[in-house]
Amino acid sequence: MFDMRIVEDNSQEIQYCFPDNNLSCFKDIKPEVEYIVLYVFISLLSVFTVFLNLLVIISISHFKQLHTPTNLLILSLAVADLIVGLIVIPLMGIRFIESCWYFGETFCSLFLFIIFMVVTASLGNLFFISVDRYIAVSDPLRYTVRVTTDKVVFCIFTNWMCCGIYSFIILYNTMFYPETHNRCYGECTVSFKFEHFVTDLIVTFVAPSSVIMSIYVKIFCVAKHQAKVVNSVTGICRSQRKAGKTLGIVVAVFFMCWIPYYIVTLLEGNKSTESVELHVTCWILYMNSCMNPLIYALFYKWFRISAKHIVTLNIFKPSSEYFSIFTEDKL
């Protein structure tokens, strides 16, 4: 009788994501307080990320003065961050809290595709931003000739298209042949061989990151070397250097959020279970999407002014797109 009670108690403790499916994954049971705290945190992070990046998108899209090549690249980066806040953070939050994927295999494949495309597109945007800043600092007098809106739009389109194609190729087996990855029903993960992960790491992170960092080293060297000469010729040098420094901070924060994740992933290798360290670094990575607008708010006066117009609904006034956004600072 005593043994039977133990068996019954153990059976009650084990729960499945889909009780009616024999291939269902196990569901982790958390204390009720932990559920509440995690859902509040995920909800606030998602809303905060969406709201801040919408401010960036609306500002650059609405006000004519902000229609510059550099700001178009910032707009593209904000779109990627918006997708993270609108789709990735909520769904990954539910998956993390419930330890189950309730949205089906088809949407799982689409969701993984979105994550990979957004991540690679963000890095691509940072690459083009670094090139833009290098031209602006090294050749400010011919910047408007060398960098035009049409060229930037073409670069943005090419970036997103290439990231989409790459994500489709690398996730082909996961998306179309999920049964080959020995996943239980209710799981949504990418299964890579360690060699493939290392290859992807080099192609999508190490190589472009190295180029970006080398470009920013050149930017600061050129800015320091030419400061006096350029200041004597034109007044745009100060704003260009400030823009370079601000966007350099964006790149530095991006690396600070991503490098811990890759380090943990490399150290853990092919472990079947996700560790606490991996979860923590993943959420640091997602939080990067709400940091960029905060950086703009701290360093760009035009963003604070445009955000004030948006929050106070002044953008609905006639000819609001022609409001003067710049005071002392100009990007």
Computed about the Cα centre, the charge dipole of region 24-320 from +1 Lys/Arg and -1 Asp/Glu charges at the Cβ has a magnitude in debye, to the nearest 20, of 1860
Output ordering of 152-160, 27-35 (per-residue mean of other Cβ within 10 Å, highest first) is 152-160, 27-35
Other residues with Cβ under 13 Å from the Cβ of VAL152 give, with Lys and Arg +1 and Asp and Glu -1, a net charge of +1
Amide H proximity to GLN15 below 5 Å, modelled H, separation 5+ or other chain, gives LYS27
1/(1 + (r/R0)^6) with r = Cβ-Cβ of ASN21 and LEU294, R0 = 41 Å, i.e. FRET efficiency to nearest 0.05, evaluates to 0.40
Amide H contacts under 5 Å for SER24, restricted to residues at least 5 apart in sequence or on another chain and with H modeled in the peptide plane, are TYR185
Here FRET efficiency (C-beta to C-beta, THR199 to THR312, R₀ 35 Å, nearest 0.05) is 0.10
Here, SER191 and VAL276, labelled 7 Å along Cα→Cβ, have an inter-label distance in nm of 2.8
Once ILE169 and LYS64 are pulled to full extension, the length gained, defined as 0.36 nm per residue separation minus their Cα-Cα distance, is 33.9 nm
A chain fully extended from GLU32 to VAL211 at 0.36 nm per residue, minus the present Cα-Cα distance, gains in nm 59.7 nm
Projecting the Cα atoms of VAL84, PHE194, SER214 onto the charge dipole of region 24-320, where Lys and Arg contribute +1 and Asp and Glu -1 at Cβ, the residue farthest towards the positive end is SER214
In nanometres, the difference between 0.36 nm per residue of separation and the alpha-carbon distance of SER43 and ILE135 is 29.1 nm
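Throughout, read-outs are computed from the coordinates displayed, never taken from laboratory work. Predicted, not measured: the structure shown is a model, and the values here were computed from it. Glycine gets a Cβ as well: all are built from the backbone with ideal geometry, and neighbour counts include every protein chain shown.
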